[in-house]
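Student: One structure is given below, represented as C-alpha cells, and several questions about it will come after.
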Amino acid sequence: MESLGSRIKKLRKERGLTQDDIGRHLGMGRSNVGHIENGRTIPTSETLDKIANILGTTTDYLLGRSNDPHGKPYYSLTDKDDKDIARKLEAMMNELESDSALAFMGEPMDEEDRELLRISLENTLRMSREMAKKKFTPKKYRN
C-alpha cells in the first residue's frame, strides 16, 4: 500500500509541481514538504486538507482510504450512464410529443414548459441511476 508521502509526491509530479510550489502555497519551506513526502513528518489535518486542495484530490485518497485520486464515489455516473440517460430521455420526449401536442391541464405546453419537463425528467433519471448503483453495487467494488 502506498504511503501518505508517496501519494503526495506522485500527485505533485503528475501535476508538474515542485516541492517549492507546494511549500509556497502552504507557507512553509521546500524541506518541510520533503519531510512530509519522505514520511519523517506527519502533516496536521489542516495542512493535509490544504495539500489535498492544491493537488486536486481528497484527504481520503491521500490517507489511503480511497483508491480514486479524483474523489468520485463508486456510484458516480459514468460516460456510458450519461449516454444511456440521454437516449432514454430523448425517447421519452419523442413519445410524449408523438401522437398529440403535449398538454398540461388541457393547455398546450410551450417550449419553455417542455424544457422544464425535460430537465425534470433528466434529473429524475440521474437520481434513479445513482440510487440503483448505491443499492446494487456489490461491496467488493465499493471504495
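Student: For the range 7-23, give me each residue that is out of contact with any helix residue (DSSP H, G or I) (no Cβ under 7 Å at 6 or more places or on another chain) and exposed (fewer than 15 other Cβ atoms within 10 Å of the Cβ).
Tutor: The answer is Lys10, Lys13, Glu14, Gly16, Thr18.
Student: Could you list, in sequence order, all residues of the range 109-122 that are surrounded by fewer than 11 Cβ atoms within 10 Å (Cβ to Cβ) and either modelled with pLDDT of 90 or more or under 22 Å from Leu77 (Cα atoms) (or both)?
Tutor: Matches in the range 109-122: Ser120 only.
Student: Considering only residues that are of a type in the set (S, T, N, Q), within 23 Å of Asn67 (Cα to Cα) and surrounded by 12 or more Cβ atoms within 10 Å (Cβ to Cβ), which ones fall in the range 24-52?
Tutor: Within the range 24-52, the subset of a type in the set (S, T, N, Q) is 31-32, 38, 41, 44-45, 47.
This time we only want the ones that are within 23 Å of Asn67 (Cα to Cα), so: 38, 41, 44-45, 47.
Within the range 24-52, Asn38, Thr41, Thr47 qualify.
Student: If the requirement is being at pLDDT 90 or above and either assigned to a loop (DSSP other than H, G, I, E, B) or farther than 22 Å from Tyr141 by Cα (or both), which of these qualifies: Gly71, Gly64, Gly16?
Tutor: Matching residue, one of Gly71, Gly64, Gly16: Gly16.
Student: For residues that are in a helix (DSSP H, G or I) and over 28 Å from the mean Cα position of the chain (by Cα), scanning just the range 32-52, find the one that is farthest from Ser3 (Cα to Cα).
Tutor: Asn32
Student: Contact list please: Cβ distance under 7 Å, first residue in the range 36-59 and closer than 15 Å to Gly23 by Cβ and assigned by TED's automatic domain parsing to the domain that holds Lys10, second residue of a type in the set (D, E, K, R) and in a helix (DSSP H, G or I), pairs at least six apart or on different chains.
Tutor: Pairs found: Glu37/Lys9; Leu55/Arg12.
The values are calculated or read from the model by the stated rules, or taken from the named source; none is laboratory data. Remember, predicted model here, so these are calculated numbers, not experimental data. Cβ coordinates were reconstructed from backbone atoms using ideal geometry, including for glycine residues, and neighbour counts include every protein chain displayed.
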